[in-house]
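Each remark here refers to the structure printed beneath this line.
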Amino acid sequence: MSLQDTIECVRSIQNNISYSNYSIIVVDNKSPNDSGILLKKRYANNRAIHFISSDRNLGFAKGNNLGFQYAKYELKSNFIALINNDTYIEQKDFIQRIIRRWEFSKFHILGPDIINPAEHKHQNPQPAYLTSKKDLRKTIALNSFFLVLNCLGIEPIWVRLTNWKKHIFSHPVLSVMGPREIIDNKVEKKDVKLHGACLVFSPDYIEKYNGLYPETFLYMEEDILFYVAQNNGLITLYFPEVVIFHKDDRSLNMVYKKNRQRRKFYYLNHIKSAYIFLHLMNTKDVRI
């Protein structure tokens, strides 16, 4: 994890959120530096901050599940928010708005308005591209093709010769920048796919589930969560009255600084996640 990003995230919660009963759980998912050790020392005397350390990198879903399950079973939390460490909050009544919305009309999973401060772009709600086996097979084929080009070192040459540059960075199954198409972010919407940078789970979800579907390492977690929600009658809610800011991809950029290496990581893990998602679609049990 990025040390400075995490400190800024925690500080934003401490300095802005006005609520008497909340806890912060920091999960060190085997950071490739000493940031986990430094953070544990930094917050050692703060009873509101809990620290969990993994002895290996569990990936996005399982890493988040460490915090989710600690909040559920140890802290007995009524609501659980999974947020990236490269986010920050400025609303004083962030928690109160979520609770009031749940009391007004129940939901299982809530997604706030997620804003990239550098580009002033909204990341929620997201279009649901991967909704069928055909979509997943296409994803596997395309990412496999580009993985071969990447390994051979001819990916840039092929892109230039075939004029695929724009296609690579805008295609929903290949994009390393995230989907460009965002559904109207100004109004509340139900039954939509939500961005994984901030997911808020209600008591109704917490009672039934132990976090995110745990089999993927990285990518497609939001797609799988939306698929599970759709197949289990869960309400996913985009609620723009709650706002969080997302710096976007800071941790991945730290580890994979070279473009070619980062794209290889992207292709490999999208292929793996697509196969896992395809297997999930082939089973009748879509519970988490």
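Give me the one-decimal nm value for the distance between modelled label points at R262 and N33, 7 Å along each residue's Cα-to-Cβ direction. That separation, rounded to one decimal, is 1.6 nm.
Subtracting the Cα-Cα distance of D191 and K76 from 0.36 nm times their residue separation leaves 38.7 nm of extension gain.
The angle separating the long axis of helix 59-69 from the principal Cα axis of greatest extent in the chain is about 20 degrees.
Using +1 on the beta carbon of Lys and Arg, -1 on that of Asp and Glu, and nothing else charged, what's the dipole of the range 59-109 about the Cα centre, debye to 20? Could you put the intermediate results ahead of the total?
Numbers: 8 positive and 5 negative charges, 46 e Å.
Rounded to the nearest 20 debye, it is 220 debye.
In plain terms, the residue of R263, R56 with the fewest other Cβ atoms within 10 Å comes first and the most crowded comes last, giving R56, R263. Taking every DSSP beta bridge that has both ends in the chain, the antiparallel portion is near 50%.
What ranking do Y22, Y73, Y267, Y88 get, fewest neighbouring Cβ atoms within 10 angstrom at the top? Before the final figure, lay out the partial values.
Numbers: Y22 14, Y73 10, Y267 23, Y88 20.
Ranking Y22, Y73, Y267, Y88 by Cβ neighbours within 10 Å, fewest first, gives Y73, Y22, Y88, Y267.
So what's the angle, to the nearest 10 degrees on a 0 to 90 scale, between helix 94-104 and the longest Cα principal axis of the chain? The helix 94-104 is inclined about 90 degrees to the chain. With both labels modelled 7 Å from their Cα along Cα-to-Cβ, the T283 to R137 distance reads 2.2 nm.
For the pair Q69 and W158, a Förster radius of 41 Å applied to the C-beta separation gives a FRET efficiency near 0.40, rounded to the nearest 0.05.
Model label sites at N15 and E119, defined 7 Å from Cα along the beta-carbon direction, differ in position by 2.6 nm. Note on the chain: Kirkwood radius taken over Cα pairs, Stokes-Einstein applied at 37 °C and 0.692 mPa s, translational D equal to 165 µm² s⁻¹.
Which whole-number percent gives the relative contact order of the chain, counting Cα pairs below 8 Å spaced six or more residues apart? This gives 28 percent for the chain. Specify which residue in the list I89, F104, N78 is farthest towards the positive end of the charge dipole of the range 75-168, using unit charges on the beta carbon of Lys, Arg (+1) and Asp, Glu (-1), about the Cα centre. It is F104. Averaging the sequence gap over all C-alpha pairs within less than 8 Å and six or more residues apart, then dividing by the number of residues, gives the range 1-144 a relative contact order of 26 percent. Across the range 114-130, computed HN-Hα scalar couplings (Karplus, 6.51 cos²θ - 1.76 cosθ + 1.60, θ = phi - 60°) run 9, 10, 7, x, 6, 9, 6, 10, 9, 10, 10, x, 9, x, 8, 7, 8 Hz from first to last residue, x flagging Gly and Pro. Taking the longest Cα principal axis of the chain as reference, the axis of helix 221-231 is set at about 80 degrees. Scoring 277-284, 74-81 by mean Cβ neighbours within 10 Å over their residues and listing the highest first yields 74-81, 277-284.
Rule-based calculations on the coordinates, nothing more; no lab input. What you are looking at is a predicted structure, and each value in this text was computed from that prediction instead of being measured. Neighbour counts are summed over all protein chains in view; Cβ atoms, including those assigned to glycine, are modelled from backbone coordinates with ideal geometry.
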